[in-house]
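S.K.: What follows is a single structure, and I will ask about it in a moment.
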Amino acid sequence: MRWGRKTRWFGGAALLCALSAGAAAQKTLGDLHATANGQLETVYTDAYGNFDNTAGHSLGLAGRGTITGDYYNPDFLSFSVLPYYGRSQDNSDSQSITDSSGYNGSLNIFKGSHFPGVANVQQNWNQSGNFGVPGITGLTTVNNNHAFNVGWSALLPGLPTLTVGFGETGGSSALLGSPETTDSSMRNFNVSSTYSLDGYHMSGGFIHMMDNVDISGLENGETDTASGSSNQYRFLVQGPIPYRKSGMSVSFSRATYDNNDLENGTDYSTNQTTNGATDTLNANVNLLFPKAPVNVTTVYTDNILGGIEEQLVSNGQVPLLTLNSPESHSLSVQASSYVNVLPRLMVGGFVERTEEYFEGQNFGLTQVGLTVNYSFLRMLKGLTFYGGVNDAATQQGNSQIGFIGNVTYNRYVGNWQLSGFFLYNQYTQTILAIYTTSMLNYGGSVKRHITPDLIWANMANVVKSGFNQVPGDTSHAESFTTMLGWKKASISGIYSQSNGTAILTSSGLVNTTVPAQVLPPGAATIYNGRNYGVTINTFPIRHLSINGAWSKGLANTNSPILLTNSGSTNYYGFAGYEYRKLIFTAGATKFNQYVSNFGNGPTMLTSFTFGVQRWFKAF
């Protein structure tokens, strides 16, 4: 975990010199104005374990700073730089088990003019991260990453606006407890414009994305390289209709994608390449009739599954196993309306017709639904009920009836504050043929002011969803939090667990929106995991703070390239006492993480730190 004594001294000294150099200069140098302040800390560390092959004693510097300024005028050019060095969980507020360093910088030019520009740069070394598992914290990683973004706009009165931007991010990540490492990069170029004419608002844009990811150290020593690119074109026009205050909107988007999956060391998949394009046309009319407003929406899509893969690529979540994208298209028309029958009673309804072509077959679906919304008063004050039914029919006949229910409750009962909700949806969707999906979500909170300075709060949430025709193809997540807070202390505990089906991407596991059986062999990953945690914060006397935390995570995944049982445990403690401009600190960390299918054993770290911080204003 800890860097060598010389490394820490040299890095901290560099930060000190950068700030103290400004202290020797004047606040104003010609038209340049700047201020700088920061915090420096002398740190003694004693570490044990096999993390980063570092153990033993060290003495060094840590710190962070803030430099802000402008040239000539803040609206002409302004800037900020925030460097930091040696900021770890047990000696700072950065919540990292590593001694991370880096900087963030921003530059604004011509702010407030017709031609503003902005640039941002970020660099982080040895920073703690997370390998994503849906619904839980996941596993700890150590990352080096950078980002650069620049943008410029032309905002001339009476003319269409123009904004151009470019961004580039990248870095490397290592999963602790395994030999798995990830190198990734992403670039994007975007252009957008807006214009208003006679009450109609028009906007359009173009975005080009390029993603690359290289993961080594997977199951059986496998290496997986994936790259993807996408182009998104969009146009929107919206405005009034000459009837009361009715309105309309029409939008068109085109998304093209190219995804390459290059694997070695496996028999189930070799070099794969998929590409395609998805065109979507959306038209909406909202007619404000006096008693019952009517909304009509039409959506046409010419590539259903391709749109799912394109969305993952454009979000930087390159699928590590290529998805199938057979020929498909769909057309959907829906009309809906509602009527206020009583002051607190609203009745609505809808009818929807969908035509779909998928894998050489034509599907047709008609859905009709009725909803009721009612708010209670008096004895049941705070309770709102929303419920409905929908019926779907295809060329094969009537399908099962779907249900919609939503109940919320919020009320104070003496010193108790009660809040709860229940949501259930069962409906027929036409993503990849026709599937009936169901979603159940319920939860609530209970708060109690025991004394004016003491409060007890509990919160819970449960979510379950799935495809009714596919046994076992569901996802489930639940969480519970309890907290006891006092003006001088607080303690909280959390429990969460989740399971389901996901796709392995460059940023971890991502939940699927389609049944696993539709995905190609090897693309689906079955996961489940649990998290536990306790956090304590105390302020026993003035200027003294003591914080502690314990967390534990367990997870296992099952796929052709990611078959693991894994877990991590972390104990953390920190104390700080402020005396004028000095802060005396002490911290301790005990960390353990393992990934069972790799034979190199768990990653372990135990460290103790003692330090003295001083805040200062350089100039």
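S.K.: Restrict the check to the stretch 68-85 and report whether at least one residue is modelled with pLDDT under 80 and either part of a helix (DSSP H, G or I) or under 30 Å from residue 551 (Cβ atoms) (or both).
M.R.: Here is the first cut: in the stretch 68-85, the ones modelled with pLDDT under 80 are none.
No; the residues of the stretch 68-85 include none that is modelled with pLDDT under 80 and either part of a helix (DSSP H, G or I) or under 30 Å from residue 551 (Cβ atoms) (or both).
S.K.: Let me ask something else about it. Report whether or not residue 582 is over 30 Å from residue 616 (Cβ atoms) and of a type in the set (A, V, I, L, M, F, W, C).
M.R.: On the way: over 30 Å from residue 616 (Cβ atoms): no; of a type in the set (A, V, I, L, M, F, W, C): yes.
Against the criterion (over 30 Å from residue 616 (Cβ atoms) and of a type in the set (A, V, I, L, M, F, W, C)), residue 582 does not qualify.
S.K.: If you go through the stretch 49-64 one residue at a time, do you hit one that is closer than 30 Å to residue 116 by Cα, in contact with a strand residue (DSSP E or B) (Cβ under 9 Å, 6 or more places away or on another chain) and either exposed (fewer than 15 other Cβ atoms within 10 Å of the Cβ) or at pLDDT 65 or above (or both)? Walk me through how you get there before you give the answer.
M.R.: First, pick out the residues of the stretch 49-64 that are closer than 30 Å to residue 116 by Cα: 64.
Those left that are additionally in contact with a strand residue (DSSP E or B) (Cβ under 9 Å, 6 or more places away or on another chain): 64.
Narrowing the set further to residues that are either exposed (fewer than 15 other Cβ atoms within 10 Å of the Cβ) or at pLDDT 65 or above (or both) leaves 64.
For the stretch 49-64, residues closer than 30 Å to residue 116 by Cα, in contact with a strand residue (DSSP E or B) (Cβ under 9 Å, 6 or more places away or on another chain) and either exposed (fewer than 15 other Cβ atoms within 10 Å of the Cβ) or at pLDDT 65 or above (or both): present.
S.K.: Which of (1) exposed (fewer than 14 other Cβ atoms within 10 Å of the Cβ); (2) over 20 Å from residue 423 (Cα atoms); (3) modelled with pLDDT of 80 or more does residue 343 not meet, given it meets every other one?
M.R.: Tallying (1) exposed (fewer than 14 other Cβ atoms within 10 Å of the Cβ); (2) over 20 Å from residue 423 (Cα atoms); (3) modelled with pLDDT of 80 or more, residue 343 fails exactly one: (3).
S.K.: Just to check your reading of the model, which residue among 182, 194 is among the β-branched types (Val, Ile, Thr), more than 19 Å from residue 524 (Cα to Cα) and modelled with pLDDT of 90 or more? Walk me through it before giving the result.
M.R.: Numbers: 182 fails: modelled with pLDDT of 90 or more.
Of 182, 194, the one residue that is among the β-branched types (Val, Ile, Thr), more than 19 Å from residue 524 (Cα to Cα) and modelled with pLDDT of 90 or more is 194.
S.K.: Taking the stretch 346-359 only, how many residues are surrounded by fewer than 17 Cβ atoms within 10 Å (Cβ to Cβ) and charged (D, E, K, R)?
M.R.: So the answer is 3.
S.K.: What strands (runs of 3 or more DSSP E), lying completely within the stretch 496-583, carry at least 3 residues that are modelled with pLDDT of 80 or more, touching a strand residue (DSSP E or B) at 6+ places or on another chain (Cβ under 7 Å) and buried (at least 17 other Cβ atoms within 10 Å of the Cβ)? Quick ask: steps written out before the conclusion?
M.R.: On the way: elements: 508-511, 524-538, 544-558, 564-579.
Qualifying strands (runs of 3 or more DSSP E): 524-538, 544-558, 564-579.
S.K.: I would also like to ask the following. From the list 617, 581, 590, exactly one residue is among the charged types (D, E, K, R) and within 19 Å of residue 553 (Cβ to Cβ). Which is it?
M.R.: Numbers: 617 fails: within 19 Å of residue 553 (Cβ to Cβ); 581 fails: within 19 Å of residue 553 (Cβ to Cβ).
Only one candidate passes the filter, namely 590.
S.K.: Moving to a separate point now. For the stretch 162-179, how many residues meet the condition of being on the phi > 0 side of the Ramachandran plot and modelled with pLDDT under 85?
M.R.: Looking only at that region, the number is 1.
S.K.: If you don't mind, another one. Only one of (1) touching a helix residue (DSSP H, G or I) at 6+ places or on another chain (Cβ under 8 Å); (2) part of a loop (DSSP other than H, G, I, E, B) is not met by residue 229, so which one is it?
M.R.: (2)
S.K.: Sticking with this structure for a sec: Looking at (1) modelled with pLDDT under 85; (2) in a strand (DSSP E or B); (3) exposed (fewer than 15 other Cβ atoms within 10 Å of the Cβ), find the lone condition where residue 600 falls short.
M.R.: Among (1) modelled with pLDDT under 85; (2) in a strand (DSSP E or B); (3) exposed (fewer than 15 other Cβ atoms within 10 Å of the Cβ), residue 600 violates only (2).
S.K.: Take the residues in the stretch 288-322 that are crowded, with 18+ Cβ neighbours inside 10 Å and hydrophobic (A, V, I, L, M, F, W, C); name whichever of them is modelled with the lowest pLDDT. It would help to see each step written out before you state the result.
M.R.: Applying the first criterion (crowded, with 18+ Cβ neighbours inside 10 Å) to the stretch 288-322 yields 301-310, 312-314, 316-322.
If we keep only those that are hydrophobic (A, V, I, L, M, F, W, C) as well, we get 304-305, 308, 312-313, 318, 320-321.
On the way: 304: 70, 305: 66, 308: 61, 312: 57, 313: 54, 318: 51, 320: 48, 321: 52.
Once the filter is applied, the top-ranked residue is 320.
S.K.: Please indicate, with yes or no, whether at least one residue in the stretch 199-217 is under 30 Å from residue 569 (Cβ atoms), without any contact (Cβ under 8 Å) to a residue 60 or more places away in the chain and loosely packed, with under 15 Cβ neighbours inside 10 Å.
M.R.: Within the stretch 199-217, one or more residues are under 30 Å from residue 569 (Cβ atoms), without any contact (Cβ under 8 Å) to a residue 60 or more places away in the chain and loosely packed, with under 15 Cβ neighbours inside 10 Å.
The values are calculated or read from the model by the stated rules, or taken from the named source; none is laboratory data. A quick note: this is a predicted structure, and the numbers were derived from the prediction, not measured. Neighbour counts run over all protein chains shown; Cβ positions are idealised from the backbone, glycine included.
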